[in-house]
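Written out below as structure tokens is the structure these notes cover.
We did not get these values from a lab; they are worked out from the coordinates using the rules stated. Because the structure is predicted, anything quoted here is derived from the model rather than measured. Cβ sites come from the backbone with ideal geometry, for glycine too, and all protein chains shown count toward neighbours.
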Number of protein chains: 2
Amino acid sequence: MSVPASFSVPERILMGPGPSHVPATVLGALARPTIGHLDPEFLALMDQVRDMLRGVFQTQNQCTLPMSGTGSAGMETCLVNLVEPGDRVLVGVNGVFGTRLAEVARRAGAEVTVAEGEWGRALDPAALEKAAAGRKYQLVCVVHAETSTGVLQPIEPIRQLADRLGALLVADTVTSLGGVPVQLDARGIDASYSGTQKCLSSPPGFSPVSFSPRAVAKLEARKTPVQSWYLDLSLLLKYWGQERVYHHTAPINSLYGLHESLRLALAEGLEARFERHRKHAAALAAGLSALGLELLVPAAERLPPLTLVSVPRGIDEAKVRKYLLEEFSLEIGGGLGKFKGNAWRIGLMGASSTRRNVSLCLTALGQALAAQGHQASVSEALAAAAAV
Amino acid sequence: MSVPASFSVPERILMGPGPSHVPATVLGALARPTIGHLDPEFLALMDQVRDMLRGVFQTQNQCTLPMSGTGSAGMETCLVNLVEPGDRVLVGVNGVFGTRLAEVARRAGAEVTVAEGEWGRALDPAALEKAAAGRKYQLVCVVHAETSTGVLQPIEPIRQLADRLGALLVADTVTSLGGVPVQLDARGIDASYSGTQKCLSSPPGFSPVSFSPRAVAKLEARKTPVQSWYLDLSLLLKYWGQERVYHHTAPINSLYGLHESLRLALAEGLEARFERHRKHAAALAAGLSALGLELLVPAAERLPPLTLVSVPRGIDEAKVRKYLLEEFSLEIGGGLGKFKGNAWRIGLMGASSTRRNVSLCLTALGQALAAQGHQASVSEALAAAAAV
């Protein structure tokens, strides 16, 4: 066969739903020499990564580790380890990732109850309670940060509901970890999974997962084996723990990158990082409104790292994204699920959450809209953003 | 929490059971800027990677793609997609990875028959046929290249047996792909999975998988959903195919590395690459014998990329590996499973398979043995290797 040439990739401004911008020091870390996955130097790195993950998850959970797969592998990890066939699982669904949680739970053998919520709005705990219909549940699952809609879910009332149902609480923190507080311990989240390519600004490839002692106890009390060998935490904890029992070969260079990105997050300080995400999201929102664009999530329920924007009538949304990519090498996301074709998703995650990116995105979007005959003043948008 | 310093890693000579040496151009590829997983430039790269994987797998299988996980995720992919609850699966077990195949098949709901073979020897097709006891099977699974023992399994007789049993044939090619011929099409292998960190010399993180049209037909005829959402090939083919339906976020930078490593493999030429692996393995074997060490696999059944060496009586095997690591920054592997504590595994995989590494390993091993009072002439070992 003919061998393709060595490729080159364009330098993009990444303002979609992930991946976010990967800083140069993280890219540099990826390129360090590969060493063995049982090398003493690598084992020391693994321990540091686990410690730093506890830091960003805001937890003391011993069972905290990066799974060797992407965010969806982390979702599946939580469910296959915690679900035994016939367990009752209540899932709040207000977006693509809630839908996925329900599907993965079913495939794990759960008896799933779906509480449908409105896409683009936070879940109403009362609706979940109604769907539960007085039954006891083993698990309640919600998405803390819905990447398909840009909604941030308040966890406290869901925790209270889970207590009433006798359930453990599982929360998807893929697009919140490192960008908004997740506070696993303070909020009583029993199991959570995330991704590395959102607010942590590492390339995709790992899913950080954390289980509370109660979740570990459920795992240890299982009567049936975990259906996935690859995602079986009882085996993985022996590899990531003191025993170092070989399970699989961890993605070594990717872990170098994760180490560096966690270092950057913690060195910035979590509170400062959350404030940065909040501030730039508010500036973006003000600028988008000044461009005459409608934000689809009420202000109080917005997820700072990801903003859902309605496509104005008469605008070809795919053409706008193409314009941004070609003229500005700027990526924003299209809508997903119910918002496919009628919304954009603009990410300000991790290293992508900067003042410069807010200004650039408003400028580019204003020009793209003008190119389709939509009146919009870039100057006013920039002024509105600057005033935040 | 205190933030750890940016880490540094030692430069090792990697001659264990994987990872192998990752060339500088592959490391450099990892560090290229991250772009979106649905970026047109990334989609083009995905297509090239799939084409090149078909090249190294020696197949025309349309269903050929890298799974976003390590080799064990690939094993699980083959089994969860091809097994429906109650399917009969015959597994030949002559090492750790055969044992794992049986375990993963059980967790996928299969009725598993294990045909035990001798560790360190190829499987005897007659023993598999005897274990089958006249029943029909849906799958026959064997390990083409047993990473725990360094045995290369002849596939042809296993294929003939699978035909008699009415079964599809699954073969683990983790440590053969890119180092010895796998010839999926010529040998009639219906499903195979591999790793990137062995003879392809990319960092770990992907598992290349390939399904024949017959295997795809079995997948498409399923009556039950695949138990793993993350590994469900019917969904993944829509992401990796022309439809580009979002499934998960592929590990972008890792794919850059895989692209470059596949390019290097194909540019070298598969036949030249196989010959290089064969030649250096033969030189190593001659040198090890000259050092007075016993190879545990008969010459005709040896896997060139990995050599199993008996630890001489009176030698502390872990101390030898520590000596190599500390004095030579050279990694070899310990034994696994039945060979734990009594064998070493020496890898000459991908970019690690060089004349220089053969000489260095013989030198280092000779000195390590001498340090424990074992008489061994490095000069004779080097001469024996050079004579091959």
Q: Give the nm distances, rounded to one decimal, from B:Ala24 to the matching residue in every other copy, measuring between label points 7 Å along Cα toward the beta carbon; shortest first.
A: 2.0
Q: Relative to the longest principal axis of the C-alpha atoms of chain B, give the angle of the C-alpha long axis of helix B:96-107, reported between 0 and 90° and rounded to the nearest 10°.
A: 20 degrees
Q | Compactness of segment B:144-224, expressed as Rg and Dmax over alpha-carbon positions, Å | A | 13.5, 39
Q.
Please compare each pair in A:Lys238/B:Lys338; A:Lys340/B:Lys238; A:Lys130/B:Lys223; B:Lys218/B:Lys238; A:Lys198/A:Lys279 to a cut-off of 23 Å on the Cα-Cα distance and tell me which ones are over it.
A. A:Lys130/B:Lys223
Q: Calculate the length of the line joining the C-alpha centroid of segment B:242-296 to that of segment A:1-65, in whole Å.
A: 23 Å
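Could you pull out the longest piece of chain B with no exposed loop GluC sites (Glu not before Pro) in it, calling a site exposed if DSSP puts it outside H, G, I, E, B and it has at most 15 other Cβ atoms within 10 Å? Before the final figure, lay out each step's value.
Numbers: sites that count: B:Glu11, B:Glu118, B:Glu243, B:Glu294.
Counting at most 15 other Cβ atoms within 10 Å as exposed, the longest clean stretch of chain B is B:119-242.
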Q: Between the label point of A:Pro312 and that of the same position in each other copy, find the distances and list them shortest first in nm, with every label point placed 7 Å from Cα along the Cα-to-C-beta direction.
A: 8.3
Q) Using the alpha-carbon atoms, what tilt in degrees (0 to 90, nearest 10) does helix A:71-82 show relative to the longest principal axis of chain A? A) 30 degrees
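If Rh is defined by the Kirkwood formula over all Cα pairs and Rg also comes from Cα, what ratio Rg/Rh do you get for segment B:24-266?
Details: Rg = 17.3 Å, Rh = 17.9 Å.
Looking at segment B:24-266, the ratio lands at 0.97.
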(Q) Only Cα pairs within less than 10 Å get springs; with that Gaussian network setup on chain B, which residue of B:Thr249, B:Thr99, B:Thr354 has the largest fluctuation? (A) B:Thr249
Q | Overall form of segment B:67-136 per C-alpha gyration tensor (a/c, 1.5; a/b vs b/c) | A | oblate
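Report the rotationally averaged projected area of segment A:270-386 based on its alpha-carbon convex hull, in square nanometres.
Numbers: hull surface 27.8 nm².
Result: a mean projected hull area of 7.0 nm².
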Q. What are the nm distances, shortest first, from A:Asp51 to its equivalents in the other copies, labels at 7 Å along Cα→Cβ?
A. 4.8
**Q.** Sum of side-chain charges, A:Val49 neighbourhood, beta-carbon under 14 Å (Lys, Arg +1; Asp, Glu -1)
**A.** -1
Q: Go through segment A:332-344 residue by residue and turn each phi into a ³J(HN,Hα) via Karplus (6.51, -1.76, 1.60, θ = phi - 60°); whole Hz please, and just put x for glycine and proline.
A: 10, x, x, x, 10, x, 5, 9, 4, x, 10, 8, 10
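Among rounded, prolate and oblate, which fits segment A:47-175 when a ≥ b ≥ c are the square roots of the eigenvalues of its C-alpha gyration tensor, a/c under 1.5 means rounded, and a/b larger than b/c means prolate?
Numbers: a/c = 1.58, a/b = 1.37, b/c = 1.15.
Note, shape of segment A:47-175 comes out prolate.
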(Q) So if I take the centroid of the Cα atoms in segment B:113-138 and the same for segment A:150-175, what is the distance between those two points in Å? (A) 50 Å
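Based on the Kirkwood radius over alpha-carbon pairs, what value in µm²/s does the Stokes-Einstein equation return for the translational diffusion coefficient of the protein assembly as shown at 20 °C and 1.002 mPa s? If you can, show how the numbers build up before the last one.
Numbers: Rh = 27.0 Å.
Stokes-Einstein gives a translational diffusion coefficient of 79 µm²/s.
What is the sum of charges, Lys and Arg at +1 and Asp and Glu at -1, for the other residues whose Cβ falls under 14 Å from the Cβ of B:Arg355?
Working: positive: B:Arg276, B:Arg278, B:Lys279, B:Arg356; negative: B:Glu275.
Residues near B:Arg355 contribute +3 overall.
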Q) Which of these, B:Gln375, B:Gln227, B:Gln367, has the largest mean-square fluctuation under a Gaussian network model of chain B (Cα springs below 10 Å)? A) B:Gln375
